[in-house]
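To start, the structure under review is shown below, and the notes come after it.
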Amino acid sequence: MNNRKKGSLPQLRVSRQVRAKTLRLWGVYLLALLAWVAVAIVLTLFFASLPWSLTPFYGALIWLRNYIVFVCIAFVLAGWAVISFFFLARPIGQLAALTQAAAQLATPTQEPITLPEGMEDTAAQLNLARERALRDAQAAREAEQRKNDLVVYLAHDLKTPLTSVIGYLTLLRDEPQITPELRGRYTNIALDKAERLEDLINEFFDITRFNLTHLELEKQPVDLALMLRQVASEFEPQFGEKGLTCRLDLPGRLEYDCDPDKLSRVFDNLLRNAHHYSFPNTAVDISARQGEGEVILTFSNAGRTIPPEKLGRIFEQFFRLDSSRASRTGGAGLGLAIAKEIVALHGGTISAQSENNHITFTVRLPAPGTP
């Protein structure tokens, strides 16, 4: 299922307090208007009902009476205009302030949004959205800068292994009389550089796929325990080179409805990460169990403790624990970011803990039927 991405602007809602204040304002306005009209009608009726005909100046008084009635009507209209302006000017001013705040929210700045008195709740929500937009924009700029830096580094690094491969293959071609030992050495070096070249090209492909494609799930029933065993077995040669052993704590079967290709990529990325950052001759532990309403998977390895400031960013795009391009550990900094997106598409979460030279990644997937 598709979840709303975290970090998007929160939906601005009118609170019950604002609705209550609006209804109360309109109620007071209608009562004031009715009271004013009632007073004007009473005054008009009073003057109209006076015994003007009993006076010797009846003709002149009739004109005066009509003038007074006209003045009362004008008084009513003027009072209605004043009352309406008094009660409607404030909402109109609030609407204008809200429109200005919306324009400020469209291009958020460090200056907080301020609204007239009585709109404190709305101002707080707008400022929350403003702050989140600023954080998201800053994160996007940092991710874009990291990606650009990484592409530059990768493009530069492509030259080194390619030059080595060409150089050693040229030696093998031009020196047919070299000893078998030297030929084997040159061949192994060329192969190692070619594999490094393949890793760099794969990093380019990862960057392209992550930025240009949208992940969609194709779910089917899968035995997660069997999948974890298969992925772990594929890492045995790499683990063996570093003296790592893989210990599995899995149930006999663990049926789950998921996209097997994408979820296996999550496991692959986590084990690849464990291989890169584990101490030599240690163990990598994989466990899976059925929890209450969820399936819990853990991947643990012994490795250098990750500082808290880096641990909080470990799932960011293009973030690498080892920023040195001279090191072959780590890739484009997309493995864990992609893993997090795939797990989120399955409705789950992934988290990392690191202390006492031990690193643990925990994947939590909602059990079938869990809302």
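Coordinate-derived values only; no laboratory data. Note that the structure is predicted; figures quoted are calculated from it, not measured. Positions of Cβ are generated from backbone atoms using ideal geometry, with glycine treated the same way; all protein chains shown enter the neighbour counts.
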Find how much the distance from GLN220 to VAL28 grows on full extension, using 0.36 nm per residue of separation minus their present alpha carbon separation; answer in nm with one decimal. 63.0 nm
Nitroxide proxy distance, nm - points 7 Å out along Cα→Cβ at GLN145 and GLU241: 3.5
Each label point is 7 Å from the Cα along the Cα-to-Cβ direction; what then is the distance between the points at ASP257 and GLU120, in nm? 4.8
Pull up all non-local amide H partners of GLU294: gap of 5 or more, or a different chain, and H-to-H distance under 5 Å with H placed in the peptide plane. ALA367
Once you have the Cα-Cα distance between GLN110 and ALA38, take 0.36 nm times their residue separation minus that, and quote the gain in nm to one decimal. 20.7 nm
Based on the mean of other Cβ atoms within 10 Å per residue, sort peptides 263-269, 280-286, 168-174, 344-350 so the most packed one is first. 263-269, 344-350, 280-286, 168-174
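If R₀ is 25 angstrom, what is the calculated FRET efficiency for the pair ASP199 and GLN353, using the beta carbon separation as r and rounding to 0.05? Please report the intermediate quantities before stating the final value.
On the way: r = 28 Å, r/R0 = 1.12.
Given R0 = 25 Å and the Cβ-Cβ separation, E is 0.35.
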